[in-house]
Amino acid sequence: MNRYPRDLIGYGANPPDAAWPNGARIAVSLVLNFEEGGENNILHGDAASEAFLSDIAGAAPWPGQRHWNMESLYEYGGRAGFWRLHRLFTGLHIPVTIYAVATALARNPEPVAAMQAAGWEIASHGLKWVEHRDMDDAEERAAMAAAIRLHTEVTGTPPSGWYTGRCSVNTVRLAAETGAFAWISDTYDDDLPYWREVGAHDQLVIPYTLEANDMRFATAPGYSTGAQFFQYLKDSFDTL
């Protein structure tokens, strides 16, 4: 009988003491996703327009056509949204990790300079903001290599962290096999970081969250107001 390939146990009943610095009881990671200019678009060589994460109810891809409203919604992030959040976080002297799509970085250099001036960590969010579920190993591995190359060219240093988001079942393994990343975050399966054995390589995994996340504004049941989002963040912090 084949061994079941999923880990449903984790730390079990005895999670370790994470030993956070200065005796802290919780570590908070603030992540800003930078995807604008990396989404599906026939200008980028894709077959259709983007249909994910927008304010257009029931959005569907437009094969072979540009979707002006969808493009405009994505452009808001690069033109206005990023800068509003940049002012907020730098004004409070709060460090941020950027999950940056490599092609989005390449198409909008001014935010890149602002991230670097603020001393923010710029992790890789893949080559393009597209689905990876139907990619075979070779195609996804090639996309990762291209993402690392372009990220390094644009920022001057290779990424130390990786989060695809719209990943395949092979993403974590393939990212770990590169040996390029100090951490990978394409899981949602724990409250604590953990080590995952991939071949001869032990890979640090820092689980991400889609709960304490703006994704909940785009799903049902989700948030309708900033106050709801804040309360959920506070409740999560207090519980952990």
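The values are calculated or read from the model by the stated rules, or taken from the named source; none is laboratory data. Computed from a predicted structure; not experimentally measured. Neighbour counts are summed over all protein chains in view; Cβ atoms, including those assigned to glycine, are modelled from backbone coordinates with ideal geometry.
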Lone unmet requirement of (1) surrounded by 11 or more Cβ atoms within 10 Å (Cβ to Cβ); (2) free of Cβ contacts under 8 Å to residues at least 40 places away in the same chain; (3) of a type outside the set (Ser, Thr, Tyr) for Arg6: (1)
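Would you point out which residue out of Gly222, Gly226 is in contact with a helix residue (DSSP H, G or I) (Cβ under 6 Å, 6 or more places away or on another chain), of a type outside the set (D, E, K, R) and not assigned by TED's automatic domain parsing to the domain that holds Arg166? It would help to see each step written out before you state the result.
Numbers: Gly226 fails: in contact with a helix residue (DSSP H, G or I) (Cβ under 6 Å, 6 or more places away or on another chain).
After applying the criteria, what remains is Gly222.
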Test result for Gly10, closer than 25 Å to Trp162 by Cα and of a type outside the set (S, T, N, Q): yes
Residue in the range 184-194 that is farthest from Ser168 (Cα to Cα), counting only those that are without any contact (Cβ under 8 Å) to a residue 60 or more places away in the chain and touching a strand residue (DSSP E or B) at 6+ places or on another chain (Cβ under 6 Å): Ile184
Cβ pairs under 9 Å, 6+ apart, first in the range 35-46 and under 14 Å from Leu105 (Cβ atoms) and assigned by TED's automatic domain parsing to the domain that holds Tyr163, second of a type in the set (A, V, I, L, M, F, W, C) and assigned to a strand (DSSP E or B): Glu35/Ala100; Glu35/Trp129; Glu36/Trp129; Gly37/Trp129; Gly38/Ala100; Gly38/Trp129; Glu39/Trp129
Qualifying residue in the range 19-41 (condition: exposed (fewer than 13 other Cβ atoms within 10 Å of the Cβ) and within 17 Å of Thr103 (Cβ to Cβ)): no
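Among Glu153, Glu197, Glu110, Glu140, which is the only one that is without any contact (Cβ under 8 Å) to a residue 60 or more places away in the chain, among the charged types (D, E, K, R) and buried (at least 16 other Cβ atoms within 10 Å of the Cβ)? Let's see the steps before the verdict.
Working: Glu153 fails: buried (at least 16 other Cβ atoms within 10 Å of the Cβ); Glu197 fails: buried (at least 16 other Cβ atoms within 10 Å of the Cβ); Glu110 fails: buried (at least 16 other Cβ atoms within 10 Å of the Cβ).
Result: Glu140 is the single residue among Glu153, Glu197, Glu110, Glu140 that is without any contact (Cβ under 8 Å) to a residue 60 or more places away in the chain, among the charged types (D, E, K, R) and buried (at least 16 other Cβ atoms within 10 Å of the Cβ).
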Matching residues in the range 140-168 - criterion: being outside any helix (DSSP H, G or I) and either within 19 Å of Tyr194 (Cβ to Cβ) or among the small types (Gly, Ala, Ser) (or both): Gly156, Ser160, Gly161, Trp162, Tyr163, Thr164, Gly165, Cys167, Ser168
Unique match (being touching a helix residue (DSSP H, G or I) at 6+ places or on another chain (Cβ under 7 Å) and farther than 29 Å from Ala176 by Cβ) among Ala106, Ala117, Ala51, Ala59: Ala59
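Answer with yes or no whether Ala147 is buried (at least 22 other Cβ atoms within 10 Å of the Cβ), closer than 13 Å to Gly38 by Cβ, among the aliphatic types (A, V, I, L, M) and in contact with a Gly (Cβ under 7 Å, 6 or more places away or on another chain).
On the way: buried (at least 22 other Cβ atoms within 10 Å of the Cβ): yes; closer than 13 Å to Gly38 by Cβ: yes; among the aliphatic types (A, V, I, L, M): yes; in contact with a Gly (Cβ under 7 Å, 6 or more places away or on another chain): yes.
When the stated conditions are applied, Ala147 passes them.
Need at least 2 residues that are more than 25 Å from Gly119 (Cβ to Cβ) and modelled with pLDDT of 95 or more per element, so show me which helices (runs of 4 or more DSSP H) inside the range 1-109 make the cut, counting only ones lying wholly within it.
Working: elements: 68-76, 82-91, 102-107.
Counting at least 2 such residues, we get 68-76.
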Pair list, Cβ < 6 Å and 6+ apart or interchain, from the range 121-136 residues that are in a loop (DSSP other than H, G, I, E, B) to residues that are among the acidic types (Asp, Glu): His132/Glu140
Leading residue by the ranking (farthest from the chain's Cα centre (by Cα)) among those in the range 89-136 that are farther than 17 Å from Arg166 by Cβ and among the charged types (D, E, K, R): Glu110
Matching residues in the range 63-74 - criterion: being more than 18 Å from Gly126 (Cα to Cα) and crowded, with 16+ Cβ neighbours inside 10 Å: His67, Met70, Glu71, Leu73
